[in-house]
């Protein structure tokens, strides 16, 4: 009788342990708990991109960086070192890590740079215009080529109706970037205004493989 009773107790304990194990398994696979482990690689290591976002974006560091760039845009554009930092920020960071979370801040930065480009040249100014300065003109050109959003803002704020003024010198590289852009909408923006400059030989059409040179 004692042996039989012991077996019954062991069976009950086994079933109880099994039920607890199944309950734990169920809890671990519920959506709430799955969210907790999302982004964690095998071995318990967090996804590097998720970690970068936490350190840069969620911490507020990136927002402060964008604000600093906005306040010092002119100085950074003209700086041999600062222009590289500004370029990375304006384009949204590596793999677009700053987007879309900080799009509003980035748009403000775009508008600030475009406003600098919209300023008229002044003989009284101690600084070269951002479209004429060696470093800034090349940085803005690269931004036009690689950021359609920035290219649109710059065109609408500073260049539309003024391309004839900037079609020579360092600034011509910025204007020419609208012909070189791989983005059809950016090229279309400038098409009407740049066509006469191309016809007069002031600007030269870039050579593109498998693409018409018509403008």
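The values are calculated or read from the model by the stated rules, or taken from the named source; none is laboratory data. Values in this document were obtained by computation on a predicted structure and should not be read as measured data. Here the Cβ positions follow ideal geometry from the backbone for every residue, glycine too, while neighbour counts run over all protein chains shown.
Residue 169 meets the conditions (1) over 22 Å from the mean Cα position of the chain (by Cα); (2) loosely packed, with under 13 Cβ neighbours inside 10 Å; (3) more than 24 Å from residue 76 (Cα to Cα) in every case but one. The failed one is (3). If the requirement is being buried (at least 20 other Cβ atoms within 10 Å of the Cβ), touching a helix residue (DSSP H, G or I) at 6+ places or on another chain (Cβ under 8 Å), at pLDDT 95 or above and farther than 20 Å from residue 190 by Cα, which of these qualifies: 102, 143? The conditions single out 102.
Considering the stretch 75-86, and only residues there that are in contact (Cβ under 8 Å) with a residue 40 or more places away in the chain and surrounded by 18 or more Cβ atoms within 10 Å (Cβ to Cβ), the residue that is farthest from the chain's Cα centre (by Cα) turns out to be 78.
Within the stretch 168-190, residues that are on the phi > 0 side of the Ramachandran plot reach partners that are at pLDDT 95 or above with beta carbons closer than 7 Å, at six or more positions or on different chains, in the pairs 169/132.
Being within 20 Å of residue 88 (Cβ to Cβ) and part of a loop (DSSP other than H, G, I, E, B) holds for only one residue in 125, 182, 136, 120, and it is 182.
Taken over the stretch 51-64, residues that are surrounded by 15 or more Cβ atoms within 10 Å (Cβ to Cβ) and closer than 14 Å to residue 104 by Cα amount to 3. In this structure, does residue 58 turn out to be at pLDDT 95 or above and over 14 Å from residue 139 (Cα atoms)? Taking the combined requirement at face value, the residue does not satisfy it.
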